[in-house]
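The structure under discussion appears below in the form of structure tokens.
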Amino acid sequence: MAQTFESLTRHHQTLTSIRGIVHAMKTLSALNASPYESAARSIETYHQTLIAGFRAFAYRTGDITLPPVPRASQLVVVFGSDHGLCGNYNERLADGVAAHCRGAGKNACRLLCIGAQMNDALVDRGLRPDAVLLPPASAEGIGRLAGEVVTRLAGLPGRPLLQGRTTSLAFTERGETGGQTPVIRQLLPLAPELLKREHRWPSRALPDYTMAPDALLAALVRNHIFASVFWASAEAMVTENAARLARMQQAEQAVDDRLEALNGDLRSVRQSEITSELLDVIIGFEALKKPARR
């Protein structure tokens, strides 16, 4: 069915408005990713300081062997997205968490979910989180979320943080080729190398501390958990904005292709209307030139 010039013009105006919205979303995604990336770099530097503190503590105190933690029940903190327009971001991560929980055994996983949309994706796969927390709305909100997760981990019944608890962080990180990769990284129990004494200290100034050993180790563990959760949340937000930016670039290209085709249709219809009007003028002029017959 042939479209009129007016309908094509309205369609062109609609597509132009959509392109403006898509371009604005693409710009916002690029701008929003920068604060989260800066937060991830900052907390990573702080985390390296904490690891140095573990090394100093182990060198001064000696090797620390924690009792084994049964893996019959474990907690997974899942970092999802509530902002949308980022494709199947939540679904891919939910698939990875579901596979992890199936490998751990039936009813072996307890879930702490970040984001209502991620909660829906987990429920669709037969997983029901114990609690759902709000994702950070800005880089300033990552500290709030990390503190709340640490408080919940410390308040769960069972073994204290110092003795370890089988806890993992599930989030999406950036791949080497610019893609997004769902990962599940163990947080607790602590990695054995954190509490292993080095045979030789790399400096002539030997480490020492004045706090009680139990209090110092508890503070190191709590800050290690905070930094790990903070980094996972920041990395997840950077990846989410990168996914949204990629989707908006695809959408912008699709709209540009449609606008180019529509401009061709507009030119063709306009040329047809001009040709028709010229023919009408010529026919009328020729009719006026004929002599009147009796």
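The table that follows gives values for the structure above.
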| quantity | calculated |
| --- | --- |
| Among residues of the range 1-55, those that are hydroxyl-bearing (Ser, Thr, Tyr) and not in a helix (DSSP H, G or I), counted | 1 |
| All positions within the range 205-218 that are more than 22 Å from GLU44 (Cα to Cα) and either among the aromatic types (Phe, Trp, Tyr) or part of a helix (DSSP H, G or I) (or both) | TYR209, PRO213, ASP214, ALA215 |
| Test for LEU262: is it in contact with a His (Cβ under 8 Å, 6 or more places away or on another chain), in a helix (DSSP H, G or I) and more than 30 Å from LEU75 (Cβ to Cβ) | yes |
| Residue satisfying condition, being on the phi > 0 side of the Ramachandran plot, surrounded by 12 or more Cβ atoms within 10 Å (Cβ to Cβ) and under 27 Å from the mean Cα position of the chain (by Cα), within set LEU85, LEU75, LEU50, LEU28 | LEU85 |
| Lone qualifier among VAL255, VAL221 - being part of a helix (DSSP H, G or I), within 33 Å of the chain's Cα centre (by Cα), within 21 Å of THR45 (Cβ to Cβ) and modelled with pLDDT of 85 or more | VAL221 |
| Condition met for THR275 (assigned to a helix (DSSP H, G or I), β-branched (Val, Ile, Thr) and under 34 Å from the mean Cα position of the chain (by Cα)) | no |
| Extreme residue, modelled with the lowest pLDDT, among residues of the range 1-22 that are out of contact with any Leu (no Cβ under 9 Å at 6 or more places or on another chain) and of a type in the set (Ser, Thr, Tyr) | THR4 |
| Matching option when the condition is surrounded by 20 or more Cβ atoms within 10 Å (Cβ to Cβ) and at pLDDT below 85, among LEU169, LEU156, LEU188 | LEU188 |
| Residues that are among the charged types (D, E, K, R) and in contact (Cβ under 8 Å) with a residue 40 or more places away in the chain, drawn from the range 244-259 | ARG244, ARG247, GLU252, ASP256, ARG258 |
| Contacts under 9 angstrom Cβ, first residue in the range 123-138 being among the aliphatic types (A, V, I, L, M), partner exposed (fewer than 13 other Cβ atoms within 10 Å of the Cβ) and in a loop (DSSP other than H, G, I, E, B), 6 or more apart | none |
| Test: residue in the range 202-214 that is in contact (Cβ under 8 Å) with a residue 40 or more places away in the chain and either touching a strand residue (DSSP E or B) at 6+ places or on another chain (Cβ under 7 Å) or surrounded by 17 or more Cβ atoms within 10 Å (Cβ to Cβ) (or both) | no |
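The values are calculated or read from the model by the stated rules, or taken from the named source; none is laboratory data. Treat the numbers as computed from the prediction; the structure is a model and nothing was measured. Glycine also receives a Cβ, built like all others from the backbone with ideal geometry; neighbour counts cover every protein chain displayed.
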